[in-house]
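**Q** Structure provided below as structure tokens; questions to follow.
The values are calculated or read from the model by the stated rules, or taken from the named source; none is laboratory data. All values derive from a computational prediction rather than experimental measurement. Cβ placement follows ideal geometry from the backbone for every residue including glycine, while neighbour counts extend to all protein chains displayed. Calculation scope for accessible area: heavy atoms of the full protein, side chains included, ligands and nucleic acids excluded. Shrake-Rupley method; radii C 1.70, N 1.55, O 1.52, S 1.80 Å.
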Amino acid sequence: MTQDQIILFSLFGAVFALLLWGRFRYDIVAFSALVAGVMLGVVPEKEAFSGFGHPATLVVALVLVVSAGLVRSGAVFLITRTLVDASRSLGAHIALMGAVGGILSAFMNNVAALALLMPVDIQTARKAGRSPGLSLMPLSFATILGGMVTLIGTPPNIIIAAIREESLGAPFKMFDFAPVGGIAAIAGLTFVALVGWRLIPARDDKGSAAEDLSQYIAELTVPDDSKHIGKRLAELDKDAEKTDVAVIGLIRDGKRRYGQARNATLRAGDTLVLEATPDALDEFRTALDLALSDTERTERLTAGGDGVEVIEIVVTETSRLVDRTAETVGLAWRQNAVLMGISRNGQAVKNQIRKTPIRAGDILLLLVPRDTGPDVTVWLGCLPLADRGLAVTENSKVWMAIGMFAGAVAAASFGLIYLPIALGLVVVAYVLTKIVPLSELYTHIEWPVIVLLGSMIPLGAALEASGGTELISGKLIGWTDGLPAWVILTVLMIVTMTLSDVLNNTATTIVAAPVGIQMAQTLDVSPDPFLMAVAVAASSAFLTPIGHKNNTLILGPGGYSFGDYWRIGLPLEIIVVAVSIPAILVFWPL
């Protein structure tokens, strides 16, 4: 092993370890590794930022903007607005939502597809009186499966097409992934709709009702002129029971009291710690004439004259709130909003909410000036859980948006125009026709993903140039010596799938795709089946909530625990491997 290989393997080992740890965001980890690679001399200075202009990076960014245009134009709502039907059986609902999610995620970013459908699914669950946790995981898996079908459906496919172009002279085309990815997606969706959802652990009493997933720990303050001053805290139980609110503690002089506070005499400025749904909390506050704990901010809100409203949002991996508190992010003074409660994994957070570090997947209850909910949600980098309320352009532009996108896909599919150029033309057209406002053009791009790609691509190229990928492929072939090529293909798929379950699928693809090409060259067979195996495997992250962004997004709204995913995810991954290998051998023979 050469010195460059040792350095690069150490860098990749550090990247993977830090990604598993999760203490630092993946883009910071990747960019730091790139800078270290340049400083240590294993990444040429002239190639240091080549990844940011790489076709794969550009396509990912453009697809995100196009996805936003399809949503803003109302094109996607042509499908989704008819789906909220609480009278359907759970199985029928999952099958329909899964099919729609799969189709949407084939042509738009799969995270965007889930972000669009998740509020629809939650609203349907609440109307039907069932837990969203019974259907959100199948929906997440469906949107992941659908992304396997086309080139633009998921970043791993885009990366693999670009790597094929660099290594073999031509990229995969738009629908080259469809035969294998389509079969895997159909098999997976069938399993999820018929059997998979039945494997989701039953919600306990606290999290079984759909409404209870919106339970929050909130804080209300006793005003100076309150008629309840001098009463014992226990005397509020009657009003609390009427409004379905649980009084669980008291904060006085900065100290939190729970059980021993039952007989405490209320004073002006005391803060009641409550567990309640948004509606129940508002009813209790009104009935007892209490104030929100952030009184100064609330007074400013109500003084505006336009009123206030309560919104529920889910925190994404890329939100500016992740690992920060509402205070440190400046939620109050920047957005004139008040954090009222946090729900985590279906359970209310009991610490001081404005001083509690927020995690991806948390559900937040916010009080905001009326009609500013969408703006606050976008600024935070979160997703709405109730009615989306996002701005949509004129309905007259629906078919215009669809036509532009369809034309670009067709032109790219027939080789008439290079895909990045085709998507770039769509973005320009969307801006010129104001389908995507110029002011919002860059807000729809997930910059951490772009930085991750731009940083990892040069590192992956350096690993390949140093002979590192050849070394890895040699080890894998050595361990499977004497076995048929299709068995080696299966081993590569399983190893890639396992890595994708715990690492970012983009990072996994950048390492696994060159290894697949090298293995094929060593075996003297076509590299295409190995690339297809990596493509499907890298997208098959179903065992954990950290393997794919979609799984993280549903963690809080579904009330899931870390161990819930493998129950449905493990058989799903086995099915994907079982149907993909024969399909690869048929459509992409060795």
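**Q** Give me the residue from segment 164-181 that is part of a loop (DSSP other than H, G, I, E, B) and either among the charged types (D, E, K, R) or farther than 20 Å from Ile417 by Cα (or both) and, out of that set, most open to solvent (accessible area, probe 1.4 Å).
**A** Lys173
**Q** Any residue in segment 496-508 that is part of a helix (DSSP H, G or I), of a type in the set (A, V, I, L, M, F, W, C) and crowded, with 24+ Cβ neighbours inside 10 Å?
**A** Yes - at least one qualifying residue is present in segment 496-508.
**Q** Which numbered condition trips up Ile103, out of (1) in contact with a helix residue (DSSP H, G or I) (Cβ under 6 Å, 6 or more places away or on another chain); (2) aliphatic (A, V, I, L, M); (3) open to solvent by 10 Å² or more (accessible area, probe 1.4 Å)?
**A** Failed condition: (1).
**Q** Related question: I'm checking my understanding of the structure. Among residues of segment 283-293 that are under 13 Å from Thr221 (Cα atoms) and open to solvent by 30 Å² or more (accessible area, probe 1.4 Å), which one is modelled with the lowest pLDDT?
**A** Checked segment 283-293; the qualifying residue modelled with the lowest pLDDT is Ser293.
**Q** Please state which of the following conditions Thr154 fails to meet, knowing it meets all the rest: (1) open to solvent by 10 Å² or more (accessible area, probe 1.4 Å); (2) modelled with pLDDT of 80 or more.
**A** (1)
**Q** Next question. Within segment 555-590, which residues are at pLDDT below 85 and open to solvent by less than 10 Å² (accessible area, probe 1.4 Å)?
**A** Listed by number, the residues that qualify are Gly556, Pro557, Gly558, Tyr560.
**Q** Filter segment 20-71 down to the residues that are open to solvent by 80 Å² or more (accessible area, probe 1.4 Å) and not in a helix (DSSP H, G or I) and list them by number.
**A** Arg23, Phe24, Arg25, Leu40, Phe49
**Q** Which residues, counting only those in segment 258-279, are in a loop (DSSP other than H, G, I, E, B), touching a Leu at 6+ places or on another chain (Cβ under 9 Å) and at pLDDT 85 or above?
**A** Within segment 258-279, Leu266, Asp270 qualify.
**Q** Of the residues in segment 374-413, how many are open to solvent by less than 40 Å² (accessible area, probe 1.4 Å), at pLDDT below 85 and either among the hydrophobic types (A, V, I, L, M, F, W, C) or over 29 Å from Leu432 (Cβ atoms) (or both)?
**A** 3
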